[in-house]
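Here's the structure, in structure tokens; my notes come after.
The values are calculated or read from the model by the stated rules, or taken from the named source; none is laboratory data. Since the model is a prediction, treat every value here as computed from it, not as a measurement. All Cβ positions, even for glycine, are placed from backbone atoms using ideal geometry, and neighbour counts span all protein chains on display.
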Amino acid sequence: MNTNNTGQHPQYSKLADIYDAVMEDVDYELWADFIDAIMLEHHLNPVDILELACGTGSVSLFLDELECYNVVGTDKSSQMIHKARQKNKDMLCNVKFEVMDFLDLQLDRTFDAAFSVFDSVNYLQNADEVLTFLNETKSVLRPGGLLIFDFTTPKNSIQAIDYLNNEEGYTEDNYRYFRKSSYDADNQLHENTFRIEKLADDQETVVQEFSEVHQQRIYTLQQMLDIIDQTTYNIRAKYSGFDFEEADDHSLRITMVLQCPSNQ
Ligand SMILES: C[S@@+](CC[C@H](N)C(=O)[O-])C[C@H]1O[C@@H](n2cnc3c(N)ncnc32)[C@H](O)[C@@H]1O
């Protein structure tokens, strides 16, 4: 992949600089509270927890502030982890952030729960990759440990196109960004292209320009259940949105709660 200053860059390399600005309307505290509530509902005593695809670490940091968890946050993008470590320092938190592919977890310890939020699992391009993710995660969970992750559905992509496509914004540190978004319903592929411009102090002149193309595979509930069926996880719950309502074919975002057998 070309990584010069005007070409296409790897996912979440240049986007890392503006990620928190692009996500400023996302309520990460609510998301952390949701994960906290799920863990307490389905595990007797979750203490050691692992975030997969943590991005710039917002959820891990909110959970750390509850002062009842030991939190490790991991992401494939070194630029996102760099931002997460900066926030960890600024907020005087104790999360251990590591660069790591969730398809190849290199951890020398185990956890009571692992979680991944904000459709990171949709970056897995096919059923085999999702299966690898599920099994890889199981290998770092203790007996009875939880895996919690969300994914978005075709219905969500169809609805979201209207507001995601042609999105434009500015950040406080002189970046301008544009998002093009399209959904290929036949292949269940959602593509987002970000064009990111670094502006001079006049906030007009473009000093550098970057682009990133993000492809996500969009899974139906039934497709995800069929993949999970190939593992030894027990399905504890499937929630729709951010409440504890049961997910169904109409859900836009589904949070799965899986549990390792207690005698694994
Ligand atoms: C939509 S962002 C979500 C980030 C964060 N969870 C949040 O809520 O802000 C998707 C994240 O998934 C990460 N990611 C994608 N594929 C990955 C993989 N194979 N292993 C680990 N992280 C991955 C990206 O680097 C990116 O940070």
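Here are the numbers:
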{"read-out": "Test: residue in the stretch 150-169 that is in a loop (DSSP other than H, G, I, E, B), out of contact with any Pro (no Cβ under 8 Å at 6 or more places or on another chain), closer than 18 Å to Ser77 by Cα and not β-branched (Val, Ile, Thr)", "value": "no"}
{"read-out": "Residue match in the stretch 100-116 (condition: part of a loop (DSSP other than H, G, I, E, B) and free of Cβ contacts under 8 Å to residues at least 12 places away in the same chain)", "value": "yes"}
{"read-out": "Every pair of residues 6+ apart whose Cβ atoms lie under 6 Å, when the first sits in the stretch 142-153 and is assigned by TED's automatic domain parsing to the domain that holds Leu252 while the second is at pLDDT below 95", "value": "Pro143/Ser262; Pro143/Gln264; Gly144/Ser262; Leu146/His43"}
{"read-out": "Boolean, Ile158 is in contact with a strand residue (DSSP E or B) (Cβ under 7 Å, 6 or more places away or on another chain), surrounded by 16 or more Cβ atoms within 10 Å (Cβ to Cβ), at pLDDT 95 or above and aliphatic (A, V, I, L, M)", "value": "no"}
{"read-out": "Any hit, the stretch 32-53, residues being away from the ligand (no atom under 16 Å from the Cβ), touching a Leu at 6+ places or on another chain (Cβ under 6 Å), of a type outside the set (Phe, Trp, Tyr) and at negative phi", "value": "yes"}
{"read-out": "Complete set of residues in the stretch 98-116 that are within 13 Å of the ligand (Cβ to nearest atom) and either more than 20 Å from Lys138 (Cα to Cα) or of a type in the set (Ser, Thr, Tyr) (or both)", "value": "Ser116"}
{"read-out": "Residue within the stretch 196-209 that is within 25 Å of Asp27 (Cα to Cα) and not hydroxyl-bearing (Ser, Thr, Tyr) present", "value": "yes"}
{"read-out": "Unmet requirement for Met91, which otherwise passes all of (1) of a type in the set (A, V, I, L, M); (2) surrounded by fewer than 16 Cβ atoms within 10 Å (Cβ to Cβ); (3) in contact with a strand residue (DSSP E or B) (Cβ under 9 Å, 6 or more places away or on another chain)", "value": "(3)"}
{"read-out": "Residues (surrounded by 14 or more Cβ atoms within 10 Å (Cβ to Cβ) and either touching a Gly at 6+ places or on another chain (Cβ under 6 Å) or in contact (Cβ under 8 Å) with a residue 24 or more places away in the chain (or both)) located in the stretch 192-215", "value": "Asn192, Phe194, Ile196, Lys198, Leu199, Glu209, Phe210, Ser211, Glu212, Val213, His214, Gln215"}
{"read-out": "Top-ranked residue of the stretch 69-84 - restricted to ones that are of a type in the set (Val, Ile, Thr) and in a strand (DSSP E or B), ranked as surrounded by the fewest Cβ atoms within 10 Å (Cβ to Cβ)", "value": "Val72"}
{"read-out": "Residue check for Phe97: closer than 16 Å to Tyr233 by Cβ and surrounded by 19 or more Cβ atoms within 10 Å (Cβ to Cβ)", "value": "no"}
{"read-out": "The stretch 117-156, residues that are among the small types (Gly, Ala, Ser) and either more than 14 Å from the ligand (Cβ to nearest atom) or within 15 Å of Ile227 (Cβ to Cβ) (or both)", "value": "Ala127, Ser139, Gly144, Gly145"}
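Every residue, every condition in (1) of a type in the set (Asp, Glu); (2) in contact with a helix residue (DSSP H, G or I) (Cβ under 8 Å, 6 or more places away or on another chain), yes or no:
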{"residue": "Tyr28", "(1), (2)": "no, yes"}
{"residue": "Glu41", "(1), (2)": "yes, no"}
{"residue": "Glu67", "(1), (2)": "yes, no"}
{"residue": "Met91", "(1), (2)": "no, yes"}
{"residue": "Arg109", "(1), (2)": "no, no"}
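Yes/no per residue for (1) in contact (Cβ under 8 Å) with a residue 12 or more places away in the chain; (2) of a type in the set (Lys, Arg); (3) more than 22 Å from Val26 (Cβ to Cβ):
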| position | (1), (2), (3) |
| --- | --- |
| Asp162 | no, no, no |
| Tyr183 | yes, no, no |
| Leu189 | yes, no, yes |
| Arg217 | yes, yes, no |
